[in-house]
1. Considering region B:2-41 alone, what residues qualify as being of a type outside the set (S, T, N, Q) and more than 30 Å from A:ARG113 (Cα to Cα)?
2. Taking the criterion of being over 26 Å from A:THR38 (Cβ atoms) and out of contact with any Phe, Trp or Tyr (no Cβ under 6 Å at 6 or more places or on another chain), would at least one residue in region B:31-38 satisfy it?
3. Provide a single number: the residues in region A:51-72 that are surrounded by 21 or more Cβ atoms within 10 Å (Cβ to Cβ) and assigned to a strand (DSSP E or B).
4. Of everything in region B:1-24 that's closer than 15 Å to B:THR72 by Cβ and assigned to a strand (DSSP E or B), which residue is farthest from the other protein chains (Cβ to nearest Cβ)?
5. Under 6 Å by Cβ, and 6 or more places apart or on different chains, what pairs join a residue from region A:51-73 that is touching a residue at least 40 places away in the same chain (Cβ under 8 Å) with one that is buried (at least 16 other Cβ atoms within 10 Å of the Cβ) and in a strand (DSSP E or B)?
6. Hey, can you tell me all the residues within region B:87-114 that are in contact with a Cys (Cβ under 8 Å, 6 or more places away or on another chain) and either facing chain A (nearest Cβ under 9 Å) or modelled with pLDDT under 90 (or both)?
7. Look at region B:52-76 and say how many of its residues are of a type outside the set (Ser, Thr, Tyr), assigned to a loop (DSSP other than H, G, I, E, B) and surrounded by fewer than 16 Cβ atoms within 10 Å (Cβ to Cβ).
8. Considering only residues that are in a loop (DSSP other than H, G, I, E, B) and of a type outside the set (Gly, Ala, Ser), look in region B:25-42 and name the one that is nearest to B:GLY99 (Cα to Cα).
Amino acid sequence: KAGVTQTPRYLIKTRGQQVTLSCSPISGHRSVSWYQQTPGQGLQFLFEYFSETQRNKGNFPGRFSGRQFSNSRSEMNVSTLELGDSALYLCASSLLTGTSTADSPLHFGNGTRLTVT
Amino acid sequence: AQSVAQPEDQVNVAEGNPLTVKCTYSVSGNPYLFWYVQYPNRGLQFLLKYITGDNLVKGSYGFEAEFNKSQTSFHLKKPSALVSDSALYFCAVNRDNYGQNFVFGPGTRLSVLP
């Protein structure tokens, strides 16, 4: 079974621009989460989507947004890029089990490394 | 608030020796605790989880973790370290019972010396 696929692997953008990152989850996984990883702040939760609905949201400004499509693929958008948005953006998918998903592990892609100049 | 702490930024161990990577947690209710590993330029890989039951949990690549409720700890262990175990290790807890909203520790870099 194919793993989580993120595209592109690397991006270089200029301040003020916007960017869209893409994530294809493992087949059958309906939950897709996004995380930002930086040396200073570590791993921080951005948001989670399930069945095309945002179910959880982290503490990031409105410039960060996402969506999920009917085939569970997800995109993340960052508008008006700032230098501090330079990071590794990780997508993870998860398989739901029953009514409680707290025990479902995340399956991560290899990330998109965004550099803002 | 749910949180995890990893008190050591770096752990060095000789190949063949046992290794321990420490994690302590602060959660309300039942903790759902996880360990992940990250190799350079890669995403995180799931190692093991504790939900309920036995306090010693076995996972991938020979790793295991010991859950200790009284000490609120969930330390990762391996009886005999390999050079290939050198990586960044993250402890995590899911803050949401019905969704995916993980909080991760800051990570511990493990170096296994030949």
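The values are calculated or read from the model by the stated rules, or taken from the named source; none is laboratory data. Everything numeric here is computed off the predicted structure, so don't read it as measured data. Virtual Cβ from ideal backbone geometry, glycine too; neighbours counted across all protein chains shown.
1. B:VAL13, B:ALA14, B:GLU15, B:GLY16, B:PRO18, B:LEU19, B:VAL27, B:GLY29, B:PRO31
2. Checking region B:31-38: not a single residue is over 26 Å from A:THR38 (Cβ atoms) and out of contact with any Phe, Trp or Tyr (no Cβ under 6 Å at 6 or more places or on another chain).
3. Total satisfying the criteria: 2.
4. By that ranking, first place goes to B:THR24.
5. Sorted first by the residue in region A:51-73, then by its partner, the pairs are A:ARG73/A:SER24.
6. The answer is B:PHE104, B:GLY105.
7. Residues that pass the stated criteria total 5.
8. B:TYR32
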